[in-house]
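Enquirer: Okay, handing you the structure first.
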Amino acid sequence: MVNTAESLCPRSITEEDRARAQIYQLLGSLLSNPPSAELLKGLATLQGDDTPIGSASRYLAALAQRTRAEDAEREFNNLFVGLTRGELLPYASYYLTGFLNEKPLANLRSDLLSRGISTRNDVKEPEDHMGILCEIMAGIISGEFGGASDVTSQKAFFEAHLAKWARLFFTDLEEAQNAIFYAPVGSLGRAFMTVEEEAFAIQ
């Protein structure tokens, strides 16, 4: 979709997997930090077909063209930060148990340890944050982490840490009261997770 994920593909992978890694990386970037002016400019060039993913991409491009970085940052803070908390809590533990830092996070950390994956030192969010999970999926697909990156490994991670709540979260983002620029991010995420679920189901 955009070139921000090109560096995530150190090994030879199919164009389909490269595109998947790029979508995961894009979603991870947008959920972890507000978009910069440079990223908004890149997003404005997105194109798409008449599929749900393509339609969401076109809508995202149209909004990126007329969204200022400072407005996107304000929206990001309203959605995910807030004075005490944002409108949405993008954590697996919260969506699956109603509380933060619960068993889903512990299970994820155990899985990451077994895969030899560690998060960056500058990341302050718990690892079960949707943005971090999307970035991890991008890295698994592209082989960035050096461990198993085949479809079996991808499916195992997706089903363990994303399948039970990803579409619900992105639907909530799509419909969030404070979401303008982020509404098509929700649409894109929901459509993409649906495709991923369907693809992994037939593996």
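Enquirer: What whole-number volume per residue, in cubic angstrom, does the convex hull of the C-alpha atoms of the range 1-121 give?
Expert: Values: hull volume 18.5 nm³, N = 121.
Convex hull volume per residue, Cα atoms: 153 Å³.
Enquirer: Report, ordered by chain and residue number, the lysines lying within cross-link reach of Lys41, taken as a straight Cα distance under 28 Å and ignoring same-chain residues fewer than 8 apart.
Expert: Of all the lysines, those that pass the test against Lys41 - Cα under 28 Å, at least 8 places apart if same chain - are Lys124.
Enquirer: With r defined as the distance between the Cβ atoms of Lys103 and Asn33 and R0 fixed at 25 Å, what FRET efficiency is calculated, to the nearest 0.05?
Expert: Details: r = 27 Å, r/R0 = 1.10.
For R0 = 25 Å, the calculated efficiency reads 0.35.
Enquirer: Carbon and sulfur atoms: what percent of the 1.4 Å accessible area of the chain do they account for? Working shown, then result.
Expert: Working: 5030 of 10270 Å².
Of the solvent-accessible surface of the chain, carbon and sulfur hold 49 percent.
Enquirer: Express the relative contact order of the range 60-151 as a whole percentage, based on alpha carbon pairs under 8 Å and six or more residues apart in sequence.
Expert: Once divided by the residue count of the range 60-151, the mean separation gives 18 percent.
Enquirer: Relative to the Cα centre, what is the charge dipole magnitude of the range 71-203, using +1 at the beta carbon of each Lys and Arg, -1 at the beta carbon of each Asp and Glu, and rounding to the nearest 20 debye? Mind dumping the intermediate values first?
Expert: Working: 11 positive and 20 negative charges, 68 e Å.
Dipole about the Cα centre, nearest 20: 320 debye.
Enquirer: Further question: Modelling each spin label as a point 7 Å along the Cα-to-Cβ direction, I'd like the Thr45/Glu87 distance in nm, to one decimal.
Expert: Taking the two extended label points, one gets 3.0 nm.
Enquirer: Let me ask something else. For the range 100-203, what Kirkwood radius comes out of the mean inverse Cα-Cα distance, in Å?
Expert: Details: mean 1/r = 0.0688 Å⁻¹.
After inverting the pairwise mean of 1/r, the radius is 14.5 Å.
Enquirer: While we're here: Report the residue, chosen from Thr97, Thr67, Thr45, that carries the largest GNM mean-square fluctuation when the chain is represented by alpha-carbon nodes joined by springs under 10 Å.
Expert: Maximum among the listed residues: Thr97.
Enquirer: Next question, about the same structure. Counting only C-alpha contacts under 8 Å and six or more residues apart, can you give the relative contact order of the range 1-143 as a whole percent?
Expert: 34
Enquirer: If you average the alpha carbon positions of the range 82-99 and of the range 116-162, how far apart do those two centres end up, in angstrom?
Expert: A separation of 20 Å, based on Cα centres.
Enquirer: If the only charges are +1 at each Lys and Arg Cβ and -1 at each Asp and Glu Cβ, what is the size of the charge dipole of the range 52-149 around the Cα centre, to the nearest 20 debye? Mind dumping the intermediate values first?
Expert: On the way: 10 positive and 13 negative charges, 25 e Å.
My answer is approximately 120 debye.
Enquirer: Shape of the range 26-80 from its Cα gyration tensor (a ≥ b ≥ c, root eigenvalues): rounded if a/c is under 1.5, otherwise prolate when a/b > b/c, or oblate? Provide the component values of the computation, followed by the final result.
Expert: On the way: a/c = 2.11, a/b = 1.63, b/c = 1.30.
Verdict is prolate for the range 26-80.
Enquirer: Going by average Cβ density within 10 Å per residue, which order do the peptides 120-127, 26-33 take, highest to lowest?
Expert: Top to bottom by mean Cβ count within 10 Å: 26-33, 120-127.
Enquirer: I would also like to ask the following. Find the Rg to Rh ratio for the chain, where Rh is the Kirkwood radius over alpha-carbon pairs and Rg uses the same atoms. Don't skip to the answer; put the middle values down first.
Expert: Working: Rg = 16.0 Å, Rh = 17.1 Å.
Dividing the radius of gyration by the Kirkwood radius yields 0.94.
Enquirer: A follow-up question, please. Among Ala138, Ala176, Ala21, which one moves the most in a GNM of the chain with springs linking Cα atoms closer than 10 Å?
Expert: Per the Cα network of the chain with a 10 Å cutoff, Ala176 tops the list.
Enquirer: Find the accessible area per residue for the chain; the probe is 1.4 Å, ligands and nucleic acids are left out, and the unit is Å². Don't skip to the answer; put the middle values down first.
Expert: Numbers: 10270 Å² over 203 residues.
So the chain comes to 51 Å² accessible per residue, rounded to a whole number.
The values are calculated or read from the model by the stated rules, or taken from the named source; none is laboratory data. Just so it is clear, the structure is predicted and the values come from calculations on it, not from any experiment. A quick note on method: Cβ atoms are made from the backbone with ideal geometry, for glycine too, and the neighbour counts reach across all protein chains shown. Protein only, heavy atoms only, side chains kept; ligands, DNA and RNA dropped before computing areas. Shrake-Rupley method; radii C 1.70, N 1.55, O 1.52, S 1.80 Å.
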